[in-house]
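Below is one structure, written out as structure tokens; comments come after it.
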Amino acid sequence: MSSRVRKRIGVLTSGGDSPGMNPAVRAIVRTGIARGCEVFAIYEGYQGLVDGGDKIRKLEWEDVHGWLRVGGTLIGTARCMSFKTHEGRLQAAENLIKRGIDALIVCGGDGSLTGADIFRAEWPQLVQELVQMGRCSKKEVEPHQFFTIVGLVGSIDNDMSSTDITIGAVTSLHRICESVDCIASTAISHSRAFVVEVMGRHCGCCGADFVFLPERPPSTDWASEVCGVVERHRAQGKRQTTVIVAEGAIDAELNPIKCEDVKKVLAEHLGLDTRVTTLGHVQRGGAPAAYDRNLGTIQGVEAIEAVLRAKPNTESPMIGMRENQVTWTHEVAEAIRRKDFARAMELRDPEFAEEYAAYISSTIVDTRSIKLPENEHLNIGIVHVGAPAGGMNAATRVAVRFALNRGHKPIAIHNGFKGLMDGNFEEMSWFSVDGWNAKGGSELGTNRTLPQSDLGAVAYQLQKYGIEALLIIGGFEGFKALQQLEAARDHYPNFQIPMVQIPATISNNVPGTEYSLGSDTSLNAVTVCCDAIAQSASASRRRVFVVETQGGKTGYLSVFGGLATGAITVYVPEEGVNLERIRKDIDHMRHLFKSDNPKRSLGRIVLRTESVSQTYTTEVLSQMYMEEGQHLFDSRTSILGYIQQGVTTSPMDRIRAARQAYKAILYMEEKAKGALGRTDDVRAAAIPMRICNDFDSAVIIGIKGSSVIFTSIREALRETDMENRKSRKAWWWSYRPLIDVLSLKVAHANGIPDWTVEKVEEALRSIECDSRYY
Ligand code: ADP
């Protein structure tokens, strides 16, 4: 091995393919090279490992260009029986040793990672046998006494317990939601019922009337259950019915439930014109969603770091595992077999149980089981504030329906605080929010008016409509609105009610949460646009597109959009831009275009957040590129503008919206109940609750890691940079260096002074401590 190569690392994808595997391989190859390693693709999964020959090939920086956009796996995958045999694994070990490969990164599901673990455990024995059999010399095996294996969980089923989410699961949900949305529209036309078979479990976000899941089996009399629900929904005015049957669905006695069984029940018991659709491989396909591109990328980078960190006796690290605890799917299967469904749910990720509860309590009309006693019922006002964002409607839908199931009165306030002051209130019904989970924008209407402009009018209208709890859905204006109402509580007793804000803005800048609603929808919109722009740039060969994104004073969309689309660089308010920086970028761009293969010359994109500089505007930057690029490249601009709000709400935003709206209502109930005990006499006088004024009754509900958290507005203010309208700490900022690592073509080898192997290492070190992305 040449002394310059730190390690030779093999990468393979195995088992079922999943969108996001290619971004992971791209990141592994590029980070590996940037860290002084050689990376070998092993084609066709374990089969390539056993076959060797040209199935093991070194990948160069350019080889993985454009891979972010491609679904499936470009290095192939196969089921390989021989790797399950000792002889197969012996051959695999020989092939690796002969090529000097000393580490392997495997991206696959349960089976693939089990295989990897067996291989690692067996390695010393395999090496010994190879020497004894004379297939390898002692000298050859000398540097290979230990073998490092790192696993990445790539699977569309999200079937690995202890993993927050697997690479590919979110894209698969995109396909499922798109398909179910399409089916719903044809179902409405014909007043039909559709029974849809899907692979994943997170399908609650599709808004189906009923779902059958293996971990939550219905009783053996599920036919009455499903018919009861469908009838109640039809009675509310629904013209269509969608029932989802997850693969492997069973009843409580473990009898399988098939789509055809459900169809028969709906047709025979209810006389519905019922059709069956099996989504099948559609769910595996298509361009990876922004989330999976970034998950694959970040985990790919982390895999290289794990390889370089590995010591002889460390176990195979599984990237993305909660506390590195692997609970294999077969444990879940075993729990189900024992009919221990509670255990099966427990083994799953904790969000899943919450998602499921949010789904059930907001999708099925339930007039009895979760209803609260009458004296706990509340009039809940719901208002949208600020710019529209995906998920505002989805959150409203869940809040309205869950509130109705609890016996509350949900009251929509149209047109933001302006509408509130004008008394634009409307009591919401179950059916009034039908289909809102998919709809982008804001059905209630939203604007930037703040309560401060007429606090008296706000208090008057809240009193008039007897509002006893307020749900604010919006971005930084929503945050300010909450702050103003809370600060004015002493003067206006009508503000002494539970108030919860669900952050919703494409900018992702609201303190108290890691993700605001709409930020994922927007990231996908940016990603799709950048894909089209990058394609155009590549077609015209030597072109740099300067793409302008929104986001206020926050560079989230540029950084995560840039990561998802392979931008060469980003200009963001967090670091600003000056002449020196532009000069360096132009040098780098020249360098890239100069070293391009003339036959495959590529276009490039850079992302610029609109507020980064008043002088170096998108147009000015582009003109500077153009001028300096001379014969090497030219430049164009693209301003994404309102396109970034997206059309349909992404599955991730739907799921987050449902969880947060559900928990927001529960939180309000708890706070109001606490106040109720103290205010029975006040209630009797029909005056809204008056003494819900403790700090934690005015809160922001947010996502942190895999949990939903509440932060009081007072506490949140402490970490808020009011001038720049954002939190002082941004978790996502530590990923900023990845843009440079993954786009700076082997910079250290080509003498760009800013980037060396050590610099790359330093940049990546900051990321290691922060794996909150997954
Ligand atoms: P997934 O990884 O998606 O669960 P499979 O279960 O089909 O998919 O596994 C993919 C491949 O991993 C198999 O074809 C086989 O080569 C390897 N593999 C699976 N289980 C084992 C095992 N117990 N021992 C060795 N190799 C295995």
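What follows draws every value from the coordinates through simple rules; no lab data is involved. Small disclaimer: the values here were computed from a predicted structure and weren't measured. Every residue, glycine among them, receives a Cβ derived from its backbone with ideal geometry; neighbour counts consider all protein chains shown.
Observations on the structure shown:
- Remark: the range 89-104, residue by residue, has Karplus-estimated 3J(HN,Hα) of 6, 5, 4, 4, 4, 4, 4, 5, 4, 4, 9, x, 7, 10, 7, 9 Hz, where x stands for each Gly or Pro and the curve is 6.51 cos²θ - 1.76 cosθ + 1.60 at θ = phi - 60°.
- Across the options Ile413, Gln91, Met652, the greatest Cα extent toward the positive end of the charge dipole of the chain (unit charges at beta carbon of Lys, Arg, Asp, Glu) belongs to Gln91.
- Amide H to amide H, with H built 1.01 Å from N, Asp273 comes under 5 Å of Ala193, counting only residues 5 or more places away or on other chains.
- Gyration tensor verdict on the range 524-646 (Cα atoms; rounded if a/c is under 1.5, prolate if a/b is larger than b/c, oblate otherwise): oblate
- Between 0 and 90°, nearest 10: helix 392-406 axis offset from the chain longest Cα axis: 50 degrees
- Close amide H contacts of Ala249 (hydrogens built in the peptide plane, cut-off under 5 Å, sequence separation of 5 or more or a different chain): Ile257.
- Estimated dipole of the chain in Debye, rounded to 20 [Cβ of Lys and Arg +1, of Asp and Glu -1, Cα centre]: 1200 debye
- When peptides 176-182, 33-39 are ranked by their average number of other Cβ atoms within 10 Å per residue, the highest-first order is 33-39, 176-182.
- Estimated inter-spin distance, Ala235 and Lys584, nm [label 7 Å along Cα→Cβ]: 6.8 nm
- CD proxy at 222 nm, helix term only [per DSSP H run n ≥ 4: -39500 (n - 2.57); per residue of the chain; nearest 500]: -13000 deg cm²/dmol
- Prolate/oblate/rounded call for the range 203-298, Cα gyration tensor, a/c under 1.5 rounded: prolate
- Helix axis angle, 110-132 relative to the chain longest principal axis, alpha carbon, degrees: 20 degrees
- The chain: antiparallel DSSP beta bridges as a percent of all, rounded to 5: 20 percent
- Volume per residue for the chain equals 161 cubic angstrom (convex hull of Cα atoms).
- Projecting the Cα atoms of Ala169, Ala103, Ile118 onto the dipole axis of the range 87-198, where Lys and Arg carry +1 and Asp and Glu carry -1 at the beta carbon, places Ala103 farthest toward the positive end.
- Karplus (6.51, -1.76, 1.60) ³J(HN,Hα), θ = phi - 60°, over the range 73-84, in Hz, Gly and Pro reported as x: 9, 7, 9, x, 8, 7, 7, 10, 5, 5, 6, 7
- At most 15 other Cβ within 10 Å, DSSP loop - GluC sites (Glu not before Pro), the range 562-621: Glu575
- Pairwise centroid distance, computed over Cα atoms, of the range 508-566 with the range 123-153, Å: 45 Å
- Database remark: amide H of Met499 closer than 5 angstrom to the amide H of Leu470, Ala698, Val699 (H placed geometrically; neighbours at sequence offset of 5 or more, or on other chains; Pro and chain starts carry no H).
- Spatially proximal aspartates and glutamates relative to Lys673 (Cα-Cα < 15 Å; intrachain offsets below 8 disregarded): Glu374, Glu376, Glu468, Asp681, Asp694, Asp696
- Too-long pairs where the Cα-Cα distance tops 21 Å, listed order kept, from Lys371/Lys418; Lys371/Lys663; Lys439/Lys464; Lys55/Lys84; Lys418/Lys704: Lys371/Lys418; Lys439/Lys464; Lys418/Lys704
- Nearest 10 degrees, 0 to 90: helix 556-565 Cα axis against the chain principal axis: 40 degrees
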